[in-house]
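Let me begin by presenting the structure, written as structure tokens, before commenting on it.
Bear in mind these aren't lab numbers, they're just calculated from the coordinates by the rules spelled out. Computed from a predicted structure; not experimentally measured. Every residue, glycine among them, receives a Cβ derived from its backbone with ideal geometry; neighbour counts consider all protein chains shown.
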Amino acid sequence: MEAYPQGHNDPTTELRSIVQGIDRALLSDEISVRLQQRNPWLQVLFEARVIPDRTVCIPLARRAVQQCHLAGVQAIVIYGRRWGQHEPDWTYKYPLREFTPRSPQSPQSPQTPAAAPSSQSRSNRLVMRVSALSLLGFSFGGLWGLLDHGQLQGQSRQLGQTVLATISQNLDRLTPSSSPQSPAETNLSEVLPETPEIPTPNLPSSIRIKAVGDMILGTNYPSHRLPADPSLFFANVMKDLQGADILFGNYESTLTDHPNSPKDTSRGTQFAFRSPPDYRYLFQEAGFDIVSLANNHSMDFGEIGLRDTIRNFNEVGIATVGERYQITYLDVEDVTIAFIGFSTYDFHNDINNIELARQLIAEADKQAEVIVLSIHAGAEGTGAMHVSDRQEYFLSEDRGNIVGFSREAIDAGADLILGHGPHIPRAINLYNDRLIAYSLADFVGYQTLSTEGALAYSLILEVELNLEGEFISGQIIPIHLGNTGIPVPDGQFRTVNLIRNLTQTDFPNAPIMIDEQGQILVK
């Protein structure tokens, strides 16, 4: 039985998996792609009648290469040019970093040094070539025959076997899609520029995210409940909000001047919140990078109010997430972080629709290294502190099963779960090395949210993740809302003690521990 280097899969298994997903790939008969491994580089050449679109080719090539774990390859250089041209129209150099496979059957291993071609290295080169071509969706030409989309559908099972049978005799060349400018067979050494020096990676060692829960900065509807000096909202916690790559919060109100709400606020359980559009500058000064609008107040002033809110945040450089089918991407140097918002309402992504969640996560995974989910779900109030694997209800509304959903979402590829909505802190747990915060409680609720007892317990959650989304460390920064709903640091560490107790009670076998200072550590 042939052995493959640790962390590198049997190419037959890899091929079958890739071919099964060919229908999900981007297909084009107008672009050819050729690859050559010249350790420590892998060269990827895109050619077409017009200049290949680098915004499409580069992300697809990066993702394909990263998923294949090629031995000896430390970086890739991607070229794009028109058929018949010698010099590339664009070049992109990308240093690879090690990616830990999520499957326990495929452990990560250090990169092996360059060596002469062997049966093992040839197999790895084969996996790269086929996975790049399959995931990128470009047709094969020459020695494998030109296959269009329909042929691929009909010959998917045969394709892997055909490639395996022929590739060992043709390791140093691939024939591009037929074109008048391209010879029948071409050695890539003749058509690709010399490999450049390996660039210095522009990658952080980890990603640090700070997150807070529900924020309502007072309201001027239906009555005036705004402070004379709105700068006090974040004044006491400004320092605690700093120091992360991304600052996230759940904005449970609107930023609009629209006069009419579709809600009947005369009913005791109906509330409509509206803050002045100028309050966007308060969030900007506090350092927020992204806010979730996936909650039960984003539509308090209808579609107009929602559009106003999004526009006002975006105008000061704050991203929003939470609309149905929406994925928002943020970049930390060369690392892409995807955010997806969920609630239990049909005008957002509903956590009761796990198939939709899987589709969105799969789509985000094509472009992002880390996927963060914002989830507004669960019952509300001090009677809803405890969480378990069950459906929750509040005021006859189905508020979802956040435990079951979070685990299924992580199994689908999500990396961090930020829960909010219950207005109370809840337990924190670790599942498959990914952190789940079941409720971040309230963070600002000036004259709008109750601050009675534990409802005033708040926090800033700080999480450090590696570049695969795995939890490294965390910190609960305790906050208290007092009687006003304005956050201040809590020297009594009440939120830390509460979350410690809830975690021990709700998840007695949790693989994390929370110390008295709020540090979240893996056991």
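Which trypsin sites (Lys or Arg not before Pro) from the range 368-475 combine a DSSP loop assignment with at most 14 other Cβ atoms within 10 Å?
When the trypsin sites (Lys or Arg not before Pro) of the range 368-475 are filtered for loop state and at most 14 Cβ neighbours within 10 Å, Arg390 remain.
Sorted from largest down, what three extents in whole angstroms do the Cα atoms of the range 331-416 have along their principal axes?
Its Cα atoms span 44, 23, 22 Å along the three principal axes.
Quick one: which residues, 5 or more positions from Tyr431 or on another chain, have an amide H under 5 Å from its amide H? H modelled 1.01 Å from N in the peptide plane, none for Pro or chain starts.
Here the answer is Ile436, since their amide H atoms fall under 5 Å of that of Tyr431.
If the reach is capped at under 27 angstrom between alpha carbons, list the lysines near Lys210, excluding any in the same chain fewer than eight residues apart.
Result set, ordered by chain and number: Lys239, Lys366, Lys523.
How do 411-420, 331-340, 217-226 rank on mean C-beta neighbours within 10 Å, highest first?
411-420, 331-340, 217-226
For Gln85 and Arg311 in the same chain, what is the full-extension length gain: residue separation times 0.36 nm, less their Cα-Cα distance, in nm?
Once the chain is fully extended between Gln85 and Arg311, it gains 76.9 nm.
Can you give me the C-alpha center-to-center distance between the range 446-523 and the range 352-375, rounded to a whole angstrom?
Centre-to-centre (Cα) distance: 25 Å.
Return the loop-located GluC sites (Glu not before Pro) in the range 446-523 (DSSP other than H, G, I, E, B) with at most 12 other Cβ atoms within 10 Å of their own Cβ; answer none if there are none.
Here the sparse-neighbourhood loop sites are Glu452, Glu516.
Relative to 2.2 N^0.38 Å, what does the C-alpha radius of gyration of the range 414-523 come to as a ratio? Two decimals please.
Normalised by 2.2 N^0.38 Å, the Cα Rg of the range 414-523 equals 1.04.
Just to confirm a number: summing +1 for Lys and Arg and -1 for Asp and Glu over residues other than Ser439 whose beta-carbon lies under 14 angstrom from that of Ser439, what do you get?
Taking every Cβ under 14 Å from that of Ser439, the sum is -4.
Going by the alpha-carbon gyration tensor, a ≥ b ≥ c the square roots of its eigenvalues, is the range 339-476 rounded (a/c under 1.5) or, if a/c is not under 1.5, prolate (a/b greater than b/c) versus oblate?
Cα axes put the range 339-476 in the oblate bin.
Could you point to the residue in Phe342, Phe313, Ala272 farthest towards the positive end of the range 253-351's charge dipole, with +1 and -1 charges on the Cβ of Lys/Arg and Asp/Glu respectively?
Ala272
Along the positive direction of the dipole of the range 365-523 (beta-carbon charges: Lys, Arg +1; Asp, Glu -1; about the Cα centre), which of Tyr457, Phe507, Gly404 reaches farthest?
Tyr457
Need one word for the range 240-369: rounded, prolate or oblate. Basis is the Cα gyration tensor (sqrt eigenvalues a ≥ b ≥ c); a/c below 1.5 gives rounded, then a/b vs b/c decides.
oblate
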